[in-house]
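Accompanying notes for the structure given below.
The values are calculated or read from the model by the stated rules, or taken from the named source; none is laboratory data. It should be emphasised that the depicted structure is a prediction, and the values quoted were computed from it without experimental measurement. Methodologically, a virtual Cβ is constructed for each residue, glycine included, from the backbone with ideal geometry; neighbour enumeration extends over all protein chains shown. In case anyone asks, the SASA skips ligands and DNA or RNA and just uses the protein heavy atoms, side chains included. Shrake-Rupley method; radii C 1.70, N 1.55, O 1.52, S 1.80 Å.
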Amino acid sequence: STETVLVNNGFTDLFIGSRIRLLEEPFALNINGGLKIPMAYDVGFAPSLGEGQLNAQLGLTAGYDFYPLEAYVQGGLGYRLRSAFDTKHLLVSEALRQGDTLTKPADQVLFFLESGVWLTDRVFSSLNLWGEMGLPQVEALLQDQIYINPVLAYRVNPALDVSLQGDIPLFNRNQQSLWSVMVGVHLRFGAPLARGKGLRGAVPDFARYED
């Protein structure tokens, strides 16, 4: 038998976000939001590069820095509002073939819990549990996922870090369950920020700055 392999290349979704810091360290608090915009890919082709619809989200993140111990914990909760599917979407077509009506992916509650610590002057490690849980809605597709995300980072200099991180699936519903390993390069521009222990306004930051 002949195995068929389908490949889809192109740009996926563009995410634009911002955050406002409400409280400084050691107890840090921020409000954050963003938009996910599809990049004109074909939602009628499988495998798809994305859902092909607009998402808007808003969340609150809080964290605590255990200075002088170079460690932190943080967590966040948010809500994602999701627009309707394109009528050409494969999931919409499949639902019609089965006599059902599907108009949009269900809105989601977002959450995460993370802890991190500097193991040495240059090595940082963190563990993040994050999830996206769909809310029951009329003619909407429930999509859930929960992952563990371990990170190990090395500080090359104040402007450059490299990292190794993975995504390990714990639970998925109506979404792909994928194990992944990523190598990252983190660049900074401009003057260094004040010293942090992995916590930067309730947002993890791999850099460790000297006094």
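Restricted to the range 136-177, and to residues that are within 23 Å of GLU114 (Cα to Cα) and among the acidic types (Asp, Glu), which residue is modelled with the lowest pLDDT? It comes out as ASP161.
Residues in the range 122-162 that are among the charged types (D, E, K, R) and either crowded, with 16+ Cβ neighbours inside 10 Å or touching a residue at least 60 places away in the same chain (Cβ under 8 Å) (or both): ARG122, GLU132, ASP144, ARG155, ASP161. Check the range 185-197 and report whether any residue there is open to solvent by less than 30 Å² (accessible area, probe 1.4 Å), at pLDDT below 90 and in a loop (DSSP other than H, G, I, E, B). Scanning the range 185-197 turns up at least one residue that is open to solvent by less than 30 Å² (accessible area, probe 1.4 Å), at pLDDT below 90 and in a loop (DSSP other than H, G, I, E, B). From the list ALA71, ALA95, the lone residue that is free of Cβ contacts under 8 Å to residues at least 40 places away in the same chain and open to solvent by less than 20 Å² (accessible area, probe 1.4 Å) is ALA95. One residue alone among ASP100, ASP107 is surrounded by 16 or more Cβ atoms within 10 Å (Cβ to Cβ) and farther than 30 Å from VAL162 by Cα, and that residue is ASP107.
When the range 1-57 is filtered for residues that are of a type in the set (Ser, Thr, Tyr), under 20 Å from ARG82 (Cβ atoms) and modelled with pLDDT under 85, the ones remaining, listed by number, are THR12, TYR41, SER48.
Return the residues of the range 80-92 that are within 18 Å of ASN55 (Cβ to Cβ) and open to solvent by less than 90 Å² (accessible area, probe 1.4 Å); say none if nothing qualifies. Once the filter is applied, which keeps residues that are within 18 Å of ASN55 (Cβ to Cβ) and open to solvent by less than 90 Å² (accessible area, probe 1.4 Å), the range 80-92 yields ARG80, ARG82, SER83, ALA84, PHE85, ASP86, HIS89, LEU91, VAL92. Close Cβ contacts (under 6 Å, 6 or more residues apart or on different chains) running from residues in the range 13-41 that are touching a residue at least 24 places away in the same chain (Cβ under 8 Å) to residues that are among the basic types (Lys, Arg) and in a strand (DSSP E or B) comprise ASP13/LYS36; ASN30/ARG19; ASN30/ARG21; ASN32/ARG19. Within the range 54-104, if we keep just the residues that are touching a Pro at 6+ places or on another chain (Cβ under 7 Å) and outside any loop (DSSP other than H, G, I, E, B), the residue that is nearest to LEU35 (Cα to Cα) turns out to be ARG82.
Among the residues of the range 137-157, the ones that are more than 15 Å from the chain's Cα centre (by Cα), more than 19 Å from GLN57 (Cβ to Cβ) and not basic (Lys, Arg) come to 7 in all. Evaluation of LEU113 against the conditions (1) open to solvent by 70 Å² or more (accessible area, probe 1.4 Å); (2) not in a strand (DSSP E or B) shows that the sole unmet condition is (2). Flag set for GLU51, criterion: assigned to a loop (DSSP other than H, G, I, E, B), surrounded by 17 or more Cβ atoms within 10 Å (Cβ to Cβ) and charged (D, E, K, R).
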